[in-house]
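Rule-based calculations on the coordinates, nothing more; no lab input. The model shown is predicted, which means the values in this text are computed figures rather than measured ones. Because the Cβ atoms are built from the backbone with ideal geometry, glycine has one as well, and the counts that use them run over all protein chains shown.
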Amino acid sequence: MNKKVNLLYFSATDNTSCVVKSIASSISDKVNEYNITLERNRVESLNFTENDLVIIGVPVYAGRVPKFLVEYFNKIKGMNTAAVFVVTYGNRDYEDALLELKDTFEKNGFIGIAGAVFIGEHSYTSLLAENRPNANDLKIAEEFGFKIKTKLASIDDINNINKLKVPGNLPYVIKKKSLPPMAPEANDNCLQCKICYENCPTEAIDLYDCRNTDATKCIKCCRCINQCPVKAKNFNHPEFDNIKNMLINNFSNVSNNPETYL
Ligand SMILES: Cc1cc2nc3c(=O)[nH]c(=O)nc-3n(C[C@H](O)[C@H](O)[C@H](O)COP(=O)(O)O)c2cc1C
């Protein structure tokens, strides 16, 4: 099966984008990219056909697909379109995220042919999975890409393939506790360079004073903290510190491995 290869990903701190690009590099040297990290790139409806392969990647937020993406995902339609589902998580757990990603797209005309879970440095602290995905993770991603290519070549009729199975619970587990609205604050290093304003995935940062962020829009993705050239931004909130400390105490000494499903 010769398909047009497409990448569709949200990636606030670039872990997911590295992984999906490595997977795609083994399948084709011509890849169509839909980077939906910024809000202005999550407006148009997208339609794919049976001639497409779409590799879809998101980070895990609270064990699930980031909530704010689900509405947009319902504007993306397939027509017996082959799909690969990929999530990256920060070494705690990915719970129902991969299953939810697969369910969301399969009910909109996509047929899952593969799925994968990779580990990325936790957005909240580099003490969890520091510098991952690392060279070994990306090698596994490339090998996974080759396996997808082989599988695609062996498919005569996509409607007749075995249904893809991935881990997760049905119904999805609902988390009881989530962080209250909050946003990163800027210290005196802030140069008002507007890099954070231009790169915020939910347009939560004030154009005229980029030290100010609307806490009700902030998704706590840490992209502004990550991209600030003078390290001016940080969360200063006791509940954020509690979660960060819990993560460090429980998950900084374990090292999880990528998982692939074909
Ligand atoms: C709001 C939020 C919630 C997160 N929830 C989880 C989680 O439930 N489990 C986990 O292991 N990592 C969690 N993480 C860490 C990210 O999944 C991880 O760092 C991911 O690789 C980030 O991908 P990106 O660089 O493509 O944005 C969370 C990060 C954020 C910002």
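Structure summary
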quantity	calculated
Sorted by Cβ density within 10 Å, fewest first, the residues Arg40, Arg223, Arg92	Arg40, Arg92, Arg223
The chain - mean residue ellipticity at 222 nm from DSSP helices (-39,500 (n - 2.57) per run, n ≥ 4, rounded to 500)	-8000 deg cm²/dmol
Point-to-point label distance, Asn41-Glu239, nm (Cα→Cβ direction, 7 Å offset)	3.1 nm
Top of Leu207, Leu98, Leu138 by mean-square fluctuation, Gaussian network on the chain, Cα under 10 Å	Leu207
Cα-based shape type of the chain, given that a ≥ b ≥ c are square roots of the gyration tensor eigenvalues and the cut on a/c is 1.5	prolate
Burial ordering of Tyr9, Tyr261, fewest other beta-carbon atoms within 10 Å first	Tyr261, Tyr9
Listed residues Asn212, Asn108, Asn250, most fluctuating in the chain (Gaussian network, C-alpha, under 10 Å)	Asn250
Overall form of region 185-236 per C-alpha gyration tensor (a/c, 1.5; a/b vs b/c)	rounded
Order of His237, His122 under a 10 Å beta carbon neighbour criterion, fewest first	His237, His122
Long pairs among Lys4/Lys149; Lys194/Lys217; Lys21/Lys165, criterion Cα-Cα beyond 19 Å	Lys21/Lys165
Region 133-172 versus region 11-51: alpha-carbon centroid distance in Å	16 Å
